[in-house]
Amino acid sequence: MTALLPPDMNLDLVLWYAARAAALAAFFVLAASLLTGMAIRTAYLAPLARNRAVVSVHAFLTWFWVPLVVVHVTTLVLDATSRITPLDLLVPFRVDEGAGSQLAIGLGTIGLLLLVLITVTAALRRAMRRAIWRWIHRLTYPMFVIFLIHAQLAGTDFSQAAISLAAWATLGGLVALALLRAAGGRMTTDPSV
């Protein structure tokens, strides 16, 4: 494989770029999923809940993160430089590469575990009691904040002003939607897909 690469690149560098690109894409897909999910359940934005396209986009984005996160974690496990093992994907705060990496990678592990829990329960939604599903689904909000902090601490791309600004603006959008929901209430009927 390394014979196919230009002389100034190696496999670990290719894996690193793939991990970065997948993580960045996954972060913004998750952000869009949260924004559309909150919007379709906020009473002030009721016309969105009746818009089948918006509801369908939310349903699609809920699953679109899967291949992106799989690429992100797989490339990091394969990248010898990152020193992340499959066990690190299950047990937070094991990796200590210095300069705050233990916290950053540990938060990534916690976020990943929450993401898996939320996604599995989304698939099992009809088989679960509604109140339990709703409380698990609400873990999406702290999960997003955990991923945002993980990205700020570990993500080299988040040192770029435009990317960091977009991430924090997304958090601002979520807060704005939460305030709209608090002011106008939450829609009680499920939007149909």
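Of note:
- Counting the residues of the range 124-157 that are touching a residue at least 40 places away in the same chain (Cβ under 8 Å) and open to solvent by 60 Å² or more (accessible area, probe 1.4 Å) gives 4.
- Residues satisfying the stated conditions in the range 161-171, i.e. under 19 Å from the mean Cα position of the chain (by Cα) and either hydrophobic (A, V, I, L, M, F, W, C) or open to solvent by 40 Å² or more (accessible area, probe 1.4 Å) (or both): 162, 163, 165, 166, 167, 168, 169, 171
- Flag if residue 105 is open to solvent by less than 70 Å² (accessible area, probe 1.4 Å), over 11 Å from the mean Cα position of the chain (by Cα), at pLDDT 95 or above and farther than 18 Å from residue 36 by Cα: no
- Cβ-Cβ under 7 Å pairs, at least 6 apart or on other chains, the range 27-43 side free of Cβ contacts under 8 Å to residues at least 24 places away in the same chain, far side of a type outside the set (S, T, N, Q): none
- Residue match in the range 131-142 (condition: in contact with a Phe, Trp or Tyr (Cβ under 7 Å, 6 or more places away or on another chain) and of a type in the set (S, T, N, Q)): no
- When we screen 76, 87 for residues that are on the phi < 0 side of the Ramachandran plot, at pLDDT 80 or above, assigned to a helix (DSSP H, G or I) and open to solvent by 40 Å² or more (accessible area, probe 1.4 Å), the only hit is 87.
Residue-wise test of (1) modelled with pLDDT of 85 or more; (2) crowded, with 17+ Cβ neighbours inside 10 Å; (3) under 13 Å from the mean Cα position of the chain (by Cα); (4) under 26 Å from residue 109 (Cβ atoms).
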| position | (1), (2), (3), (4) |
| --- | --- |
| 1 | no, no, no, no |
| 10 | no, no, no, no |
| 15 | yes, yes, no, yes |
| 21 | yes, no, no, yes |
| 30 | yes, yes, yes, yes |
| 38 | no, yes, no, yes |
| 41 | no, yes, no, no |
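The values are calculated or read from the model by the stated rules, or taken from the named source; none is laboratory data. These figures come from a predicted structure and were not determined experimentally. As a convention, Cβ positions derive from the backbone with ideal geometry for all residues, glycine included, and neighbour counts pool all protein chains shown. Accessible surface is based on the protein model in full, side chains and every heavy atom, while ligands, DNA and RNA are left aside. Shrake-Rupley method; radii C 1.70, N 1.55, O 1.52, S 1.80 Å.
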